[in-house]
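Working notes, structure below.
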Amino acid sequence: HGAAMDASTRDSLAQSIEEQAHEMSNLISRVLDLMRLESGRIELRCETHSVEDLVGTALHRLEPRLRNHPVAIDLPEDLPGVNVDPVLASQVLGNLLENAAKYTPAGTRVHIAAVSDVPMVRIVVEDEGPGLPPGDPRSLFEKFQRGREESAVVGAGLGLAICRAIVSAHGGDISAGSGARGGARFEFTLPAAEAAA
């Protein structure tokens, strides 16, 4: 029926098809990534990196999505580096920041902080949004688990499961809870470079 449609309707449909194909491709990639992580078939390429660099990489990648969310960063000057696979570690930060942008209203502030917790470094991503849904926060890290089933936000519920798999592969842990500012708070640990040396 394409010939019967006007140009703007055809363009709109083509754009919608392209967006849906992109979403489907992302979903398949996330499922495959999670399967590889859980089966131990991803080899970590660990190097020493500063938390500041990892945060900067994640913020740069998500700049368009975080445009309406001011980000406050609190990293101590004497924070040790971390011994991580930089691509995967940045993905954890990226997934948490993307969730903050998805599930909080425009203008909501996001806070990133880190502290030394030898032999680990503890990193916190906290927002000032509506907070976590009722129930056990640990269930958010299960595959295909969505925070709010009634939410209009697009997603398959794999982002936090991937975060948990990546953090676990590095020997760390990850948790969710309520933040001091009333919003959602996610904490995870990564091995300090000094401890790994």
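The values are calculated or read from the model by the stated rules, or taken from the named source; none is laboratory data. Bear in mind the structure is a predicted one, so any value in this text is a computation, not a measurement. So basically every Cβ, Gly included, is an ideal-geometry build from the backbone, and we count neighbours across all protein chains shown. Side chains included, ligands, DNA and RNA excluded: accessible areas come from the protein's heavy atoms. Shrake-Rupley method; radii C 1.70, N 1.55, O 1.52, S 1.80 Å.
Assuming G172 fulfils every condition listed in (1) part of a loop (DSSP other than H, G, I, E, B); (2) modelled with pLDDT of 90 or more; (3) loosely packed, with under 14 Cβ neighbours inside 10 Å apart from one, which condition is it?
It fails just one condition, (3).
Need pairs with beta-carbon distance below 7 Å; first residue outside any strand (DSSP E or B) and within segment 180-195, second charged (D, E, K, R); sequence gap 6+ or separate chains.
Qualifying pairs under 7 Å: R181/E126; R181/E128; G182/E128; G183/E126; G183/D127; G183/E128.
Sort out which residues of segment 96-111 are open to solvent by 10 Å² or more (accessible area, probe 1.4 Å) and out of contact with any Lys or Arg (no Cβ under 7 Å at 6 or more places or on another chain), and write them in order of number. Working first, answer last.
Kept after step one, since they are open to solvent by 10 Å² or more (accessible area, probe 1.4 Å), are these residues of segment 96-111: 98-99, 101-109, 111.
Scanning segment 96-111 gives N99, K102, Y103, T104, P105, A106, G107, T108, R109, H111.
If E63 satisfies every condition in (1) open to solvent by 30 Å² or more (accessible area, probe 1.4 Å); (2) free of Cβ contacts under 8 Å to residues at least 40 places away in the same chain; (3) touching a Ser or Thr at 6+ places or on another chain (Cβ under 9 Å) but one, which is the exception?
It fails just one condition, (3).
For segment 82-108, give me the residue count where each residue is assigned to a loop (DSSP other than H, G, I, E, B) and under 15 Å from the mean Cα position of the chain (by Cα). Walk me through how you get there before you give the answer.
Residues of segment 82-108 that are assigned to a loop (DSSP other than H, G, I, E, B), as a first pass: 85, 104-108.
Subsequent filtering for residues that are under 15 Å from the mean Cα position of the chain (by Cα) retains 104.
Residues flagged as assigned to a loop (DSSP other than H, G, I, E, B) and under 15 Å from the mean Cα position of the chain (by Cα) within segment 82-108 amount to 1.
Can you name the residue in segment 75-85 that is open to solvent by 30 Å² or more (accessible area, probe 1.4 Å) and either among the β-branched types (V, I, T) or in contact (Cβ under 8 Å) with a residue 12 or more places away in the chain (or both) and is also nearest to A180 (Cα to Cα) among such residues?
First, the residues of segment 75-85 that are open to solvent by 30 Å² or more (accessible area, probe 1.4 Å): 75-79, 83.
Then drop every residue that is not either among the β-branched types (V, I, T) or in contact (Cβ under 8 Å) with a residue 12 or more places away in the chain (or both), which leaves 75-76, 78-79, 83.
Details: L75: 18, P76: 19, D78: 24, L79: 22, N83: 29 Å.
My answer is L75.
Identify, please: which residue in segment 49-81 is assigned to a helix (DSSP H, G or I) and within 13 Å of the chain's Cα centre (by Cα) and is, among those, nearest to A193 (Cα to Cα)?
Step one: of segment 49-81, the residues assigned to a helix (DSSP H, G or I) are 51-61.
From what's left, within 13 Å of the chain's Cα centre (by Cα): 54-55, 57-59, 61.
Values: L54: 14, V55: 16, T57: 19, A58: 20, L59: 22, R61: 24 Å.
In this case the residue turns out to be L54.
For segment 98-118, give me the residue count where each residue is within 16 Å of L190 (Cβ to Cβ), of a type outside the set (G, A, S) and modelled with pLDDT of 95 or more.
At the first step, the residues of segment 98-118 found to be within 16 Å of L190 (Cβ to Cβ) are 112-118.
Okay, now just the ones that are also of a type outside the set (G, A, S), so 112, 115, 117-118.
Keeping just the survivors that are modelled with pLDDT of 95 or more gives 112, 115.
The number of residues fulfilling the criteria is 2.
Quick one: V125 ticks every box in (1) touching a Lys or Arg at 6+ places or on another chain (Cβ under 9 Å); (2) surrounded by fewer than 17 Cβ atoms within 10 Å (Cβ to Cβ); (3) outside any helix (DSSP H, G or I); (4) β-branched (V, I, T) bar one, so which box is it?
Going through the list (1) touching a Lys or Arg at 6+ places or on another chain (Cβ under 9 Å); (2) surrounded by fewer than 17 Cβ atoms within 10 Å (Cβ to Cβ); (3) outside any helix (DSSP H, G or I); (4) β-branched (V, I, T), V125 breaks only (2).
Being surrounded by 14 or more Cβ atoms within 10 Å (Cβ to Cβ) and modelled with pLDDT under 95 is the filter here, so list the residues in segment 39-55 that pass it.
Result: I42, L44, C46.
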